[in-house]
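Take a look at the structure below.
The values are calculated or read from the model by the stated rules, or taken from the named source; none is laboratory data. From a predicted model like this one, the values you see are computed outputs, not experimental measurements. For neighbour counting, all protein chains shown are included, and Cβ atoms are generated from backbone atoms with ideal geometry for every residue, glycine included. Note: areas computed on protein heavy atoms with side chains; ligands, DNA, RNA excluded. Shrake-Rupley method; radii C 1.70, N 1.55, O 1.52, S 1.80 Å.
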Amino acid sequence: MSDAHSLDALIQALKRLPGVGVKSAQRMAFHLLQHDRAAAHNLARALDDACKLTRHCELCNTFTEHAVCDTCMNAARDQTKLCVVETPADQSAMERTGAYKGLYFVLMGKLSPLDGIGPNELGLKKLFERACDGVVQEVILATNFTAEGEATAHVISEGLKARGIKPTRLARGVPVGSELEYVDLGTIAHALVDRR
């Protein structure tokens, strides 16, 4: 066994993070161990605490330390609107806009048959139950505009329509402050189709 087994294990663990390759993982590991052991201990404790304490909200499925998250508990939120997003990161992005004041349902993924992720794995039954609770009046599909995200939105849309709910979809278009000559053709085409 190598003398650096624990260091190798740390590098392999860091490499599992998105966008982190071997060299970046090595730099992080060496920095933490050489220059900032206190930060390394804090990181280890924070990860351990998050793994022990974080669970899924019983209503919207996002991460929380309680049975129901703060957003779902907030009576000031518009209870008639339900925004469906793929991940807690997507929910956070929606919140940062300050433009949406309704509730959420977080899928924790997207349909991906090649990866074995179908409607049951995404908890679509729970989503449909929430959308049909008699309070929700609009379901906004805010899945990503990838092939999987579009397929996910389509399946959810069809399921909602079968239950008498007409969903809406986030609009696609030209980014604010951009010039048409620099925008990709697919974005311009979708913006033209989705014009209002």
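Yes or no, residue by residue, for (1) open to solvent by 90 Å² or more (accessible area, probe 1.4 Å); (2) more than 20 Å from the chain's Cα centre (by Cα):
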| residue | (1), (2) |
| --- | --- |
| Asn42 | no, yes |
| Lys52 | yes, yes |
| Ala67 | no, no |
| Thr80 | no, yes |
| Val85 | no, no |
Which of the helices (runs of 4 or more DSSP H) found entirely inside segment 27-142 contain at least 3 residues meeting this: out of contact with any helix residue (DSSP H, G or I) (no Cβ under 8 Å at 6 or more places or on another chain)? 37-53, 70-73, 88-97, 124-131
Within segment 118-133, identify whether any single residue is modelled with pLDDT under 95, surrounded by 15 or more Cβ atoms within 10 Å (Cβ to Cβ) and among the small types (Gly, Ala, Ser), and answer yes or no. yes
Just to verify a result, which residue in segment 172-196, among those that are closer than 18 Å to Ala142 by Cβ and open to solvent by 100 Å² or more (accessible area, probe 1.4 Å), is modelled with the highest pLDDT? Val176
For the condition of a type in the set (Lys, Arg) and under 26 Å from Val155 (Cβ atoms), what is the one hit in Lys81, Lys52? Lys81
